[in-house]
Amino acid sequence: MPIRCEIVSQDRLIFEGDADSVLLPGTEGEMGILPHHAPLLSTLSFGVIKVRYKNTEEIFTVAGGFVEVQPDIVTVLADRAENVRKIDVARAEAARLRAETYLTEGPPPDSDAYLRMEAALRRSRLRLDAVSRYRGGRRANMPSMVDDRD
Ligand code: ATP
């Protein structure tokens with residue numbers, strides 16, 4: 001019997017489906033959730049979520065958030081999350097360049113703008129790293145979620 005998995009980001013449903021296991025980047029370390037897991041609530045750090053079902057695997061970047069686990073459902077409320085296959089590489093590269101340029105120009109380190117750009121840099125690096133690590137190798141293959149864009 002699988003566990004249900006829902007990943008929501010900024011009021012947008014990113015993923016909904018069954019899973020045999022869900023791996024998450026908890027702030028206290030990697031979490032592996034199987035069906036009938038004890039209830040828990042945890043914060044998430046930057047990293048990837050892996051949803052495995054039968055012999056498929058869907059991978060998502062997540063830039064912080066929360067996860068709530070119930071025995072029959074895992075619900076992720078992400079600050080931002082993307083399916084790795086749907087990441088726009090040009091956009092992530094532009095975001096990284098924008099942030100790197102801004103940060104090297106030496107704005108006040110504690111200013112809001114500096115902290116926002118630092119966070120944007122981390123998100124763009126996370127996306128680019130996940131694309132180079134997970135895209136093009138072992139392909140995920142869930143028919144309902146497949147996007148033809150590569
Ligand atoms: P950017 O600096 O490129 O705008 P961001 O992290 O600031 O990125 P937002 O502009 O807040 O992102 O994002 C709006 C939506 O676009 C969010 O749902 C986010 O998950 C998504 N998103 C951001 N960057 C990418 C990307 N490179 N590929 C796909 N989706 C993205």
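On full extension, the segment bounded by ASP18 and SER45 gains 7.4 nm, given 0.36 nm per residue less the C-alpha separation.
So with the 1.4 Å probe, I'd like the accessible area per residue for segment 3-85, rounded to whole Å². Please report the intermediate quantities before stating the final value.
On the way: 3810 Å² over 83 residues.
Averaged over the residues of segment 3-85, the accessible area is 46 Å².
Global dimensions of the chain from alpha-carbon coordinates: Rg and Dmax equal 16.3, 54 Å. Global dimensions of segment 3-85 from alpha-carbon coordinates: Rg and Dmax equal 11.1, 31 Å. Of the accessible area of segment 63-118, with the probe set at 1.4 angstrom, what percent is carbon plus sulfur? Result for segment 63-118: 53 percent of the exposed heavy-atom area is carbon or sulfur.
Please state the relative contact order of segment 3-85 as a whole percent: Cα pairs under 8 Å, 6+ residues apart? List each step's numbers first, then the result.
Details: 223 pairs, mean separation 27.2, N = 83.
Relative contact order for segment 3-85 comes out at 33 percent.
Determine how many Å³ per residue the convex hull of the Cα atoms of segment 87-131 encloses. It would help to have the intermediate numbers written out before the result.
Numbers: hull volume 2.4 nm³, N = 45.
Each residue corresponds to 53 Å³ of Cα convex hull volume.
Starting from the Cα of THR27, move 7 Å in the Cα-to-Cβ direction to define the label point; list residues of segment 83-120 whose amide nitrogen is under 17 Å from there. What the label zone holds, given the 17 Å backbone N cut-off, is 119.
The values are calculated or read from the model by the stated rules, or taken from the named source; none is laboratory data. Because the structure is predicted, anything quoted here is derived from the model rather than measured. A quick note on method: Cβ atoms are made from the backbone with ideal geometry, for glycine too, and the neighbour counts reach across all protein chains shown. Side chains included, ligands, DNA and RNA excluded: accessible areas come from the protein's heavy atoms. Shrake-Rupley method; radii C 1.70, N 1.55, O 1.52, S 1.80 Å.
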